[in-house]
Amino acid sequence: MYPNLKIEIFKRGIHQNNIARDLGLNEAILSKIIRGYRKPTVIQRQMLARYLEVDESWLFEKYDRNFAARVSKSPATSEIKESES
C-alpha cells in the first residue's frame, strides 16, 4: 500500500475518477495502485507525482506492515505501561 498517495488524495479532496480522467488512466487500475494491489509504472508514478505536486519517492513509499507491528510492540512501550501500573 502507498499510504502517502492515499492520504494526499484524501487531503486534497480529489475523487479518484477525476484523477483517472485527467491523467488518462483506467479507474480500476488507479484504484489498485492506490490500494497497493498493483505496482505503478514509471510513467504512472511521474504523472501522479506531478498531478499532486509532490515528490515522487515520498508519494510512493511503501507501508511495511511487519515494521509497524514491531514498533507498536517495542520494549519502550511496554516499560511505560509497566511503570504506570
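Read-outs: derived from the displayed coordinates by stated rules, not from any lab. Not measured: the values here are computed from a predicted model. Glycine also receives a Cβ, built like all others from the backbone with ideal geometry; neighbour counts cover every protein chain displayed.
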Legend entry - Distance (nanometres) between label positions extended 7 Å along Cα→Cβ at Ile14 and Glu27: 1.7 nm
Legend entry - Loop-resident sites, the range 1-68, for chymotrypsin sites (Phe, Trp or Tyr not before Pro), counting at most 13 other Cβ within 10 Å (DSSP): Tyr37, Tyr63
